[in-house]
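Report on one structure; see the data block that follows.
Taken together, the values in this text are just the output of simple stated rules run on the coordinates, not laboratory data. Keep in mind that what you see is a predicted model, and the values were worked out from it rather than measured. FYI the Cβ positions are ideal-geometry reconstructions off the backbone, even for glycines, and counts take in every protein chain you see.
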Amino acid sequence: MHSCCCRSTLLLLLLYITAAVHQASAFHTNNQATSMMSSAKKQKLNDDDDKESLHEIRAGFIGCGTIASAIATSLAKPEHEEYLSEAGLSLSTISVTKRSASKSSKLKEDFPHVVSVYESAEEVVRNSDLVFLCLLPQQVDEMLSELKEKGTWNNDRHTLVSLVSTSKVEDLIAKTSLPTNRVFKMICLPPISNREGCALLTPPASSENGHPYLKKMFDALGGVVECPTDEIMSSMMVPTGLMGTMYGIMKNNRDWLINKGVSPSDASYFVARSYLSMVQDAERDCRDPKRFDDLIEEQTPGGLNEQALKNQEKQGVFDAYDKSMDAVLSRIQGKSDGSLPYID
């Protein structure tokens with residue numbers, strides 16, 4: 001009898017302990033779930049707060065050619081969102097004029113949730129805060145006069161960035177009546193669509209009383225050099241005019257290889273990949289003004305590269321480059337049509 005009672009008591013005690021353990025486990029699990037839900041909720045609130053703290057960009061493009069399309073694409077690409085976010089920015093909308101129709105419709109097709117296409121420049125400006133002027137030089141005066149007459153510009157809201165190569169910042173200010181820290185001139189190449197290359201901007205947006213986010217935005221889209229004056233920008237524009245020259249050199253290399261019996265496909269592939277590796281090497285530490293000199297010094301004394309460089313120098317290749325660049329600059333400055341021979 002005593003043994004039976006002991007076994008019953010022990011069995012009840014085990015059942016009690018088991019129930020207590022299950023209850024404690026359930027309580028712990030519920031606490032974990034509540035804690036996870038609370039953490040998730042807090043994270044969502046933090047994410048929402050972060051989004052609210054980002055400056056929203058409403059970009060507009062008057063004219064939708066190759067460069068306008070490239071900048072708009074870079075702003076709209078989902079994979080570029082993190083770079084803008086790191087700069088404290090977020091894309092809200094992109095407004096573009098219909099012309100050119102092929103490029104504006106392609107932007108709408110690629111980014112339907114952010115891109116709107118309008119018939120008139122006035123509609124673009126009214127639906128934007130950051131306006132890019134992407135017209136031919138001969139179209140600028142009439143367009144800006146029309147927008148000014150209609151009272152389209154808002155001094156507290158609008159920023160104008162001209163990509164017209166012949167634009168002068170002081171003229172743009174006069175033709176829009178926008179504040180001096182709201183009018184800029186910019187130059188870039190199409191690879192900005194992939195966050196590649198480097199833009200030029202004048203006047204400096206990061207200066208005292210400058211623009212609140214323009215430099216940050218262009219840095220997020222690949223990089224920017226701020227030019228202190230329009231004259232400096234004009235000079236820095238010249239290398240951007242040598243893109244065709246570089247492709248011409250690569251084409252010459254390709255054709256030379258083909259004439260030596262190399263297949264056209266192999267020649268094209270090899271030349272492009274070889275030049276890419278050279279440029280990537282040059283791009284490393286490119287803030288160092290001696291980077292290119294160091295790379296030249298690295299060439300093996302008496303080797304093929306050193307000899308080829310000396311041969312080019314003896315034939316006046318770099319003197320010809322200087323003359324071509326001077327001629328391009330003279331055209332940018334309106335002093336000539338850029339043809340050689342050019343006499344300053």
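Calculated FRET efficiency, N127 and V279, Cβ-Cβ r, R0 25 Å, to nearest 0.05?
Using R0 = 25 Å, I get an efficiency of 0.05.
Rank-order 233-239, 153-159 by packing density, defined as the average count of other C-beta atoms within 10 Å over each peptide's residues, highest first.
233-239, 153-159
Pop the C-beta distance of Y321 and D266 into the FRET formula with R0 = 30 Å and round what comes out to the nearest 0.05.
In this case the efficiency is close to 0.55.
Sorted by packing (mean other beta-carbon atoms within 10 Å per residue), highest first, where do 189-199, 170-180, 90-100 land?
Top to bottom by mean Cβ count within 10 Å: 90-100, 189-199, 170-180.
Which value in nm describes the separation of the simple spin-label points at E79 and D293, placed 7 Å from the Cα toward the beta carbon?
3.8
For a protection proxy built on the mean count of beta-carbon atoms within 10 angstrom, sort 221-230, 305-314, 160-169 highest first, please.
160-169, 221-230, 305-314
Which whole-angstrom value gives the distance between the alpha carbon centres of the stretch 89-127 and the stretch 58-84?
The stretch 89-127 and the stretch 58-84 have Cα centres separated by 10 Å.
Calculated FRET efficiency, T166 and T245, Cβ-Cβ r, R0 30 Å, to nearest 0.05?
Calculated value: 0.90.
Per 5 Å bin from zero, what fraction in whole % of the C-alpha pairs of the stretch 92-211 is there, up to the bin with the longest pair?
With 5 Å bins starting at 0, P(r) equals 2, 10, 19, 24, 22, 15, 7, 1, 0.
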